[in-house]
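The structure appears right after this line, and notes come after that.
The values are calculated or read from the model by the stated rules, or taken from the named source; none is laboratory data. For clarity, every value in this text was computed on a predicted model and none was experimentally measured. Glycine also receives a Cβ, built like all others from the backbone with ideal geometry; neighbour counts cover every protein chain displayed.
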Amino acid sequence: MSNLNPVVAHVTNRIIERSRPSRARYLALVARERDRHSDRGFLSCSNLAHGFAAAGEDKPAIAAGGTVNLGIVTAYNDMLSAHQPYGRYPEQMKLFAREVGATAQVAGGVPAMCDGVTQGFDGMELSLFSRDAIALSTAVALSHAMFDGMAMLGICDKIVPGLVIGALRFGHLPAVFVPSGPMPSGISNKEKQKTRQLYAEGKVGREELLASESASYHSAGTCTFYGTANSNQMMMEMMGLHIPGAAFVPPNTPLRQALTRAAVHRLAGMTRKGNDYRPMAEVVDEKAIVNALVGLLATGGSTNHAIHLPAMARAAGIVIDWEDFDALSGVVPLIARVYPNGSGDVNHFHAAGGMAWIVRELLGSGLAHADVLTVAEGGMGAYACEPVLMDDALAWTPAPARSGDEAMLRHVSDPFQPDGGMRLVSGNLGRGTFKTSAVDEERWTIEAPCRVFETQEAVTQAFKAGELDRDVVVVVRFQGPRANGMPELHKLTPPLGVLQDRGHKVALVTDGRMSGASGKVPAAIHVTPEALAKDGNWGPLALLRDGDMVKLCAREGSLSTTADLSARLPVPPPPAEMGMGRELFAMFRLNAGGAEQGGSAMLEVAGL
């Protein structure tokens with residue numbers, strides 16, 4: 001691509017060189033698996049009979065062997081609003097497959113937990129490692145070797161990364177990710193946030209808070225703020241794994257059904273049995289990973305992907321790090337403001353121009369790779385168009401020339417801010433991520449005495465007791481993958497926001513995660529090495545004490561303390577908690593890699 005931004009080109013080439021040995025090993029594995037397992041005819045008659053015993057009218061076609069058979073991996077459950085619409089998808093997809101002479105079977109299901117339900121409670125400590133469990137479940141589903149293509153049904157936080165990781169280990173097969181779309185918009189985000197802070201201050205009760213939350217999260221579909229779930233959908237578009245424009249079309253609409261039908265038809269046409277073979281291993285290459293990263297920065301996406309994207313890349317033999325994020329953030333402008341970075345939600349974003357606008361702007365300015373293989377026949381350029389129904393037929397029209405809402409979407413030439421809003425901060429306290437796109441610029445530098453905690457509940461208690469009513473850097477340690485599974489610390493947002501609104505200089509430093517919807521308080525998150533580090537070592541956060549001066553500066557990219565840590569002994573972590581199944585995940589915690597490497601135990605043990 002002749003007009004490719006030189007920094008984007010440099011980072012891409014750096015990733016290619018860094019990944020050369022691991023990528024070669026991965027592609028060699030894919031080639032071997034393609035030759036061994038891309039035709040179910042190698043199965044014995046007994047194996048094959050087990051595989052189609054309950055396939056009903058599709059049984060003769062699957063038995064004959066020449067027909068394309070698609071494996072559906074579904075994260076359906078009807079507790080999770082984003083995944084509730086998937087309940088009827090398999091039967092529809094089987095019909096769509098028959099329309100093009102193919103068949104489809106549900107290969108298996110994967111767990112799908114909701115961080116919104118577990119946020120701030122014991123179950124949240126299973127959240128990050130549920131991604132490993134999802135990847136493992138995906139591998140189990142596909143291990144039957146009955147399938148010519150993979151249809152992946154998943155939306156939310158750890159679910160899409162887990163599906164990607166698992167599917168990539170079957171990269172000789174083509175894959176299409178099939179979303180279900182966001183729920184209708186509820187009450188304004190500003191109103192919801194105000195009620196949360198009033199509750200944190202004790203000015204409204206639980207009844208008022210529940211009524212407010214229920215008016216926001218109120219029906220089937222993805223939650224409409226631009227957190228990790230919707231950032232997932234953006235990245236699937238930028239990686240070319242969606243039918244173009246599929247990310248943010250509402251559920252239970254004719255257009256949504258048409259996109260699902262198109263996904264099945266397209267997947268059936270990309271298998272090795274046709275003449276347009278597009279294995280997932282070739283779609284997800286170094287350029288696709290860079291495109292996903294650029295999209296994340298351009299839209300102010302979830303900080304959780306500073307962990308998920310490295311893990312997904314590793315599953316394809318690609319090695320990225322936070323320096324790649326930081327370098328690209330310096331040249332990729334922020335061209336979207338979606339709540340919590342702005343006032344409107346993903347429905348407003350979609351109406352204003354949405355993903356078609358983003359892709360058109362990034363390709364046109366040389367900030368994304370156009371020369372990539374995608375599931376769409378038109379390559380990356382096809383994603384600069386938005387889907388419509390014309391006389392009941394699915395078609396695509398070019399992205400609008402003008403933004404439908406300049407408070408939400410802007411041209412690259414007139415961005416909200418010149419950089420991508422995700423900075424690497426580092427120093428004698430470690431390396432962390434700072435999401436500048438969500439924080440007012442005058443708060444990008446905070447220097448104050450710290451107050452150190454081991455749990456977010458202790459922070460809440462100190463807040464209620466008035467102990468934090470001052471300039472303070474709140475340090476919450478022993479929240480990393482090895483300590484307790486790295487839960488999101490979303491319950492810290494309202495009290496810290498209250499302190500900031502009272503005029504105090506406030507920041508958060510933690511080896512844990514914040515929500516993908518983390519907001520206005522400056523924070524260094526995912527700090528690595530975590531306080532409970534590997535091999536008998538300790539991270540610097542384990543050496544901090546109350547009152548140490550801590551400086552967090554996004555401008556300088558620094559995270560440091562003036563305290564002399566060299567002679568201190570570490571504070572030991574709290575004992576590991578049991579209950580809510582946390583004890584069953586001890587093996588994941590014990591083997592977990594660092595946040596910058598993706599925080600995965602499975603990938604560490606596998607040597608990927």
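Name the residues in segment 526-538 that are modelled with pLDDT under 95 and either over 17 Å from Pro574 (Cβ atoms) or in a loop (DSSP other than H, G, I, E, B) (or both), would you? Before you say what the answer is, go through the steps one by one.
So in segment 526-538, the residues modelled with pLDDT under 95 come out as 532-538.
Ala533, Lys534, Asp535, Gly536, Asn537, listed by residue number.
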Subject >> Elements of type helices (runs of 4 or more DSSP H) in segment 12-126, at least 1 residues being crowded, with 18+ Cβ neighbours inside 10 Å and out of contact with any Lys or Arg (no Cβ under 9 Å at 6 or more places or on another chain) >> reply: 89-99, 115-118
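Please pick out the residue among Phe52, Phe42 that is among the hydrophobic types (A, V, I, L, M, F, W, C), touching a helix residue (DSSP H, G or I) at 6+ places or on another chain (Cβ under 6 Å) and over 28 Å from Asp321 (Cβ atoms). Quick ask: steps written out before the conclusion?
Details: Phe42 fails: touching a helix residue (DSSP H, G or I) at 6+ places or on another chain (Cβ under 6 Å).
Step by step, each of Phe52, Phe42 is checked, and only Phe52 is among the hydrophobic types (A, V, I, L, M, F, W, C), touching a helix residue (DSSP H, G or I) at 6+ places or on another chain (Cβ under 6 Å) and over 28 Å from Asp321 (Cβ atoms).
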Original post:
Do you know which of the residues in segment 566-607 that are within 23 Å of the chain's Cα centre (by Cα), outside any loop (DSSP other than H, G, I, E, B) and free of Cβ contacts under 8 Å to residues at least 24 places away in the same chain is surrounded by the fewest Cβ atoms within 10 Å (Cβ to Cβ)?
Top reply: Ala606
**OP:** Working carefully through the options Ala382, Ala376, find the one that is part of a loop (DSSP other than H, G, I, E, B) and not assigned by TED's automatic domain parsing to the domain that holds Phe478.
**Re:** Ala376
Original post:
Exactly one of (1) assigned to a helix (DSSP H, G or I); (2) within 20 Å of Gln233 (Cβ to Cβ); (3) under 17 Å from the mean Cα position of the chain (by Cα) is unmet by Phe129. Its number?
Top reply: (2)
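Working only within segment 377-408, note down all residues that are aliphatic (A, V, I, L, M) and closer than 16 Å to Met238 by Cβ.
The answer is Met380, Ala382, Ala384, Ala399.
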Original post:
Pick from Gly342, Gly354, Gly300, Gly274: which is surrounded by 23 or more Cβ atoms within 10 Å (Cβ to Cβ) and modelled with pLDDT under 95?
Top reply: Gly300
**OP:** Could you check Thr374 against (1) of a type outside the set (Asp, Glu); (2) buried (at least 19 other Cβ atoms within 10 Å of the Cβ); (3) touching an Asp or Glu at 6+ places or on another chain (Cβ under 9 Å) and say which number it fails?
**Re:** (3)
Original post:
Is it the case that segment 53-71 has a residue that's within 21 Å of Ala167 (Cβ to Cβ), of a type in the set (Gly, Ala, Ser) and at pLDDT 90 or above?
Top reply: yes
Subject >> Members of segment 413-423 that are surrounded by fewer than 22 Cβ atoms within 10 Å (Cβ to Cβ) and part of a strand (DSSP E or B) >> reply: Gln417
Subject >> All positions within segment 409-422 that are aliphatic (A, V, I, L, M) and modelled with pLDDT of 95 or more >> reply: Leu409, Val412
**OP:** Being closer than 28 Å to Asp122 by Cβ and either surrounded by 19 or more Cβ atoms within 10 Å (Cβ to Cβ) or at pLDDT below 90 (or both) is the filter here, so list the residues in segment 544-565 that pass it.
**Re:** Leu544
Original post:
Residues Ala288, Ala262, Ala258: which one is surrounded by 24 or more Cβ atoms within 10 Å (Cβ to Cβ) and at pLDDT 95 or above?
Top reply: Ala288
Original post:
List pairs: first in segment 74-97 and more than 15 Å from Ile159 (Cβ to Cβ), second charged (D, E, K, R) and surrounded by fewer than 22 Cβ atoms within 10 Å (Cβ to Cβ), Cβ under 8 Å, 6+ apart or cross-chain?
Top reply: Gly87/Asp78; Gln92/Arg261; Lys94/Asp58; Phe96/Arg261
Original post:
Does Thr510 satisfy the criteria of being touching a Cys at 6+ places or on another chain (Cβ under 9 Å) and within 26 Å of Gly593 (Cβ to Cβ)?
Top reply: no
**OP:** Give me the pairs, please: first residue somewhere in segment 364-388 and among the acidic types (Asp, Glu), second residue anywhere and modelled with pLDDT under 95, beta-carbon distance under 6 Å, and either six or more positions apart or on two chains.
**Re:** Asp371/Met1
**OP:** Could you tell me which numbered condition Cys114 fails, if it satisfies all but one of (1) touching a Gly at 6+ places or on another chain (Cβ under 8 Å); (2) closer than 30 Å to Leu210 by Cβ?
**Re:** (1)
Original post:
In segment 193-214, is there at least one residue being closer than 30 Å to Gln500 by Cβ, outside any loop (DSSP other than H, G, I, E, B) and at pLDDT 90 or above?
Top reply: no
Subject >> Residues of segment 294-308 satisfying the condition of being at negative phi and over 11 Å from the mean Cα position of the chain (by Cα) >> reply: Val294, Gly295, Leu297, Ala298, Thr299
**OP:** Given the conditions (1) under 16 Å from Ala151 (Cα atoms); (2) within 17 Å of the chain's Cα centre (by Cα), report the number of the one that Gly108 does not fulfil.
**Re:** (2)
**OP:** Only residues in segment 8-36 that are under 15 Å from Arg314 (Cα atoms) count as the first member; pair them with residues that are outside any helix (DSSP H, G or I) and modelled with pLDDT under 95, Cβ under 8 angstrom, at least 6 apart or cross-chain, and list the lot.
**Re:** Ser22/Leu608
Original post:
Among the residues of segment 565-572, is there at least one that is within 17 Å of Glu454 (Cβ to Cβ), β-branched (Val, Ile, Thr) and in contact with a strand residue (DSSP E or B) (Cβ under 7 Å, 6 or more places away or on another chain)?
Top reply: no
